[in-house]
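I have a structure I would like to understand better, so I am pasting it below and will then ask my questions one at a time.
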Amino acid sequence: MGHFIGQLKNNSGFNKIFDRDSEFTQIKQDNEVFFDTELDFSDSVDYTMVRPDHKLEAEKYYFLDYSQSEGGILNSIQRYFNTLDSTAEIATLIQVNLDKIELLIYGKKINNKYKVNIQAITPKYFIKSKNYLKIFDGHIEYKHEKNVLEFKDQIDIFIDENEKKIYFKHFNYLKKIDDSFIELYQEASDEEQGTFIEEVNSHENFEIDDSKLKLQTTNLKKLKFALDNGMVKEVLS
């Protein structure tokens, strides 16, 4: 049947989503893509082969082979398998933690190896207040709900324990699993470093002496990630 859990922000733990089988059965019936669809990854692209100047296509899946990974990356993936093996020991999600959910995770074993579907939760998924009209038994009813977490029938990340591969559409979702994934990000090119310096120096409250800017490999990866995701402009604004 599989297990459905949520990962809290900042890797602060996991919660089971439901304590009633009826709710689990219903959500599976309503969301076949997330729970019961075998995705076709035949057109997926090896992320390590993507050129640094190539922008990832929004609807295409990329993959990473984690079989040779060590430390944080491997530990974070193995932690999912261990957690799914011991869901009986995990507390059920409560209201106070609803807006702390960062990833929704469904895992099931096939031939004793996990296949894990993950949905990344962004702030727009959490609705603090919602008023709406609905039809029930032929009549219009008014509903008011608070603190609603929207669930979408989609898979943002897929982990195949048998193949030792992780598939994804957006690299920034991988960082929700663990910050160690930045080790696999591409490095900022000389041109991108120049762009960063220009953006910072164009702001009246900041200045960088490019002759003293010496970035190590990890920081070059962090810089490219920040540039690709508009984080530099966001900070400067």
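Each row is one residue, and each column tells you yes or no for (1) surrounded by fewer than 16 Cβ atoms within 10 Å (Cβ to Cβ); (2) more than 19 Å from Lys9 (Cα to Cα); (3) at pLDDT below 90; (4) touching a helix residue (DSSP H, G or I) at 6+ places or on another chain (Cβ under 7 Å).
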residue: Thr92; (1), (2), (3), (4): yes, no, no, no
residue: Glu102; (1), (2), (3), (4): no, no, no, yes
residue: Ile118; (1), (2), (3), (4): no, no, no, no
residue: Ile157; (1), (2), (3), (4): no, no, no, yes
residue: Glu161; (1), (2), (3), (4): no, yes, no, yes
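Those residues that are more than 28 Å from Ile182 (Cβ to Cβ) and not in a strand (DSSP E or B), I need them from region 69-97; list them, please.
Answer for region 69-97, where residues must be more than 28 Å from Ile182 (Cβ to Cβ) and not in a strand (DSSP E or B): Ser86, Thr87, Ala88, Glu89, Ala91, Leu93, Ile94, Gln95, Val96.
Out of region 136-164, which residues are closer than 21 Å to Gln29 by Cα and aliphatic (A, V, I, L, M)?
As a first pass, look at region 136-164 and keep what is closer than 21 Å to Gln29 by Cα: 136, 148-158.
Val148, Leu149, Ile155, Ile157 - these are the residues of region 136-164 that are closer than 21 Å to Gln29 by Cα and aliphatic (A, V, I, L, M).
Continuing with this model, one more query. Could you give every pair whose Cβ atoms fall below 9 Å, whose first residue belongs to region 42-68 and is modelled with pLDDT under 90, and whose second residue is assigned to a loop (DSSP other than H, G, I, E, B) and loosely packed, with under 10 Cβ neighbours inside 10 Å, counting only separations of at least 6 or pairs across chains?
Correct list of pairs: Lys60/Asp43.
Looking at region 106-115, is at least one residue closer than 22 Å to Glu32 by Cα, in contact (Cβ under 8 Å) with a residue 60 or more places away in the chain, in contact with a Gly (Cβ under 7 Å, 6 or more places away or on another chain) and surrounded by fewer than 19 Cβ atoms within 10 Å (Cβ to Cβ)?
Yes, that holds for at least one residue.
Could you grab me the full set of residues in region 128-142 that are at pLDDT below 90 and either surrounded by 10 or more Cβ atoms within 10 Å (Cβ to Cβ) or outside any strand (DSSP E or B) (or both)?
Hits for region 128-142 are Lys130, Asp137, Gly138.
The values are calculated or read from the model by the stated rules, or taken from the named source; none is laboratory data. Quantities reported herein were computed from a predicted structural model and do not represent experimental measurements. Ideal geometry is used to build each Cβ from the backbone, glycine not excepted, and the neighbour counts take in all protein chains shown.
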